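Please read the structure below before turning to the comments.
The values are calculated or read from the model by the stated rules, or taken from the named source; none is laboratory data. Because the structure is predicted, anything quoted here is derived from the model rather than measured. Every residue, glycine among them, receives a Cβ derived from its backbone with ideal geometry; neighbour counts consider all protein chains shown.
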Amino acid sequence: MKTKPLWYLYETLFNAAEEFPEKTAFIVEGTFYSYSTALNDARRLAAVLVEGGLQRGDRVALFLDNTYTNIIGIYATLIAGGVFLIINPQTKSDKLKYILNDSGATVLISDTHIFSRINPVFADCGSLRNFYYTVSPGDYKLPRNQGCSTGKLSDLLTASQSIGQQVPSLPNDLAALIYTSGSTGNPKGVMMSHQAMLFAAQSVSYYLRLDATHTLINVLPLAFDYGLYQLLMSVLMGATLVLERSFTYPAKILKLINDFSVTVFPGVPTIYATLVGMHRRKPFQLPSVTRITNTAAALPPDYTGALHEIFPNALLFRMYGLTECKRVAYLEPELADEKPTSVGKAIPGTETFILDAAGKECPTGVTGILHVRGPHIMMGYWNLPEQSGKMLIPGKFPGERLLCTHDWFKKDKDGDLYFIGRSDDIIKSRGEKVSPVEVENVLLSMKGVREAAVIGIEDELLGQAIKAFVVLEDQSVTESMIKKHCIDSLENFMVPKFLEIVTELPKTESGKITKKGLR
C-alpha cells in the first residue's frame, strides 16, 4: 500500500482501489468483487444518499445480513459524510424501533426478507426520511411511513452518479454508532470517530502481522465489532475478505477456507468448540491458515492442542476487548502454550492500568479494575452522558480520559494480563453482550409470569451461559411455553440456555430482587 496519510476511515477503500484496482476485494456468496468495483458502487450509493438529503453527521441504519450491500453501505455512508450503524439482522421489532429512534436515523437500508420485523414499527420511526430495500418486495408487504420515501436500491444505483467526498469533515467526527447491550435494558450506542476506528484497525493489523497478501474469512456478524473490523482491516491492507452470513454450516466454511486458501480465521469459543468436536470425530487440517484469533470470551486452554492440529501452520492470538475501544490486549502467539489463560499486554499505541478502589495501580498478582488509555477509546455513549461518565474517567495526565472497563484483572511478573471476572451485571455470551434486564423484561411481558431474574453462569463454550429464574402466577405456564416466548422475542444469543421455575426469588430487606443467592 502507498504510504500517504490516512485521515478518514473511508480513505482506506480509495487507497486500496488505487493500489490494487483489479484485485479481488470481497468474495460474497460466490461472487467476486474487485476493489475498483467496490469503490465505484460505494460512491454511487453515496450519491443516492446525498440526493436523498443526507447531511453531514446524519445516521444511516444498515439492517442487513453479512452481504455485499452491507459492505458498500458502510463506505457509502462515510463517503457521504454520514454515520453508519449496523443492526443485527436477528433483532426483533421492539428493539429495532428503539435503535432507530434513539439514533435518530434518517436512512434505513434493509433486506426484503426482514420486512416482517420492520412493518410493525416502521410508522413509529419519525426521524426516517428514506428507506431503501435490496430487492423487489414480491409477496412481502412494503413498510409504510408517511414521512419516509421508499425505493428499490438497485434501481436507484443504476440511475446515480459517482461522487467523492460529499462534505468536508474532520478525523474526530463521528463515524459509527455501535449498539451494545446496556445495564438499563436498552442498548447503548457506542460513539466511534474516524480516527479511533482507523487507529484500532491499524494497531490490530500490525500486531497480527497482516498485509495485502492475506485472505481473511469472516463468519461473525458485521453488527458485532469483531466481525466489522475484519472488513475494516482487510480494506486497510488491500487484502481479500471472504464474507459469510454465519457459521451455521461448518462444512461449507471449511470448503471455502480450502478453496480460497484463507490465511486468517477469526473465531469465538463456540466456533472453535465446533471445530474441535468435528476434529475429534474425524481429524482434518486447514494448512492454508496462518493466523487464528479469539476474543469475546476466554478460549479454554485444553483446546490449544486440537487447534494446533487443525491449523498446523497458524499462530494463535488470544485477545481481550470491549466495544467501547474495540481491542484492549493480545497475547503474543509465541506465548500461547506457556500462558494459555493470559490475554497479554496492551495493543500497540495504547496503555493499560489495573487500579484499586482508591485509584492506585495494583502490584503484580493483585486484582483490580482494568483501565485503558489510548486514541481508540469511544467518544461516549449516544445520548447517555451519565453512563458515559461512568466509563470515561479523568486520566493521570491533564485533559485526558481513561476508559474504565469495570472488569477485574490481575497481571503477572511479566506484565501480562489475566481476566478474573466482570464487575457489572452484563453477561458476555457467545461473544455478545447481553443485558439481563432486557431478557427479564421479555420474560415479564409474558402473561402468567410474575417475577424473573437472569444471571450469567460460567460455560466453557459460551463464556457465560444465560440462566433465567421465573416465578409464575399462572401454574399452567410451562417451561416450553416460556422458551418459545423468548425465542419469538429475543435474538438467538439472548435466549436463556437454562430456565428454572421457582416459587420465590431472594430479596433484600427493601424487597429488591438480589441475584447473589442465585449465583
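The table below lists the values:
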{"read-out": "Matching option when the condition is outside any helix (DSSP H, G or I), more than 28 Å from LEU177 (Cα to Cα), in the same structural domain as LEU402 (by TED's automatic domain parsing) and touching a strand residue (DSSP E or B) at 6+ places or on another chain (Cβ under 9 Å), among LEU286, LEU307", "value": "LEU286"}
{"read-out": "Residues of region 426-449 classified as assigned to a loop (DSSP other than H, G, I, E, B), touching a Gly at 6+ places or on another chain (Cβ under 9 Å) and not basic (Lys, Arg), total", "value": "3"}
{"read-out": "Residues (outside any strand (DSSP E or B) and either at pLDDT 95 or above or over 16 Å from GLU432 (Cα atoms) (or both)) located in region 172-186", "value": "ASN172, ASP173, THR184"}
{"read-out": "Selected residue (only one of GLU460, GLU440, GLU432, GLU400 is farther than 27 Å from GLY344 by Cβ and acidic (Asp, Glu))", "value": "GLU440"}
{"read-out": "Meets criteria (touching a residue at least 60 places away in the same chain (Cβ under 8 Å) and either touching a Pro at 6+ places or on another chain (Cβ under 6 Å) or closer than 27 Å to TYR229 by Cβ (or both)) for ILE163", "value": "yes"}
{"read-out": "Some residue of region 187-198 being modelled with pLDDT under 85 and part of a loop (DSSP other than H, G, I, E, B)", "value": "no"}
{"read-out": "Some residue of region 273-294 being surrounded by fewer than 16 Cβ atoms within 10 Å (Cβ to Cβ), within 17 Å of GLY463 (Cβ to Cβ) and within 22 Å of the chain's Cα centre (by Cα)", "value": "yes"}
{"read-out": "For THR364: the one exception among (1) touching a strand residue (DSSP E or B) at 6+ places or on another chain (Cβ under 8 Å); (2) outside any strand (DSSP E or B); (3) within 27 Å of MET494 (Cβ to Cβ)", "value": "(3)"}
{"read-out": "Any hit, region 18-26, residues being assigned to a helix (DSSP H, G or I), in contact (Cβ under 8 Å) with a residue 24 or more places away in the chain and either in the same structural domain as LEU128 (by TED's automatic domain parsing) or crowded, with 21+ Cβ neighbours inside 10 Å (or both)", "value": "no"}
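Every residue, every condition in (1) modelled with pLDDT under 95; (2) among the hydroxyl-bearing types (Ser, Thr, Tyr), yes or no:
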residue	(1), (2)
GLU324	no, no
LYS339	yes, no
LYS360	yes, no
THR367	yes, yes
ARG373	no, no
SER388	no, yes
GLU400	yes, no
LEU403	no, no
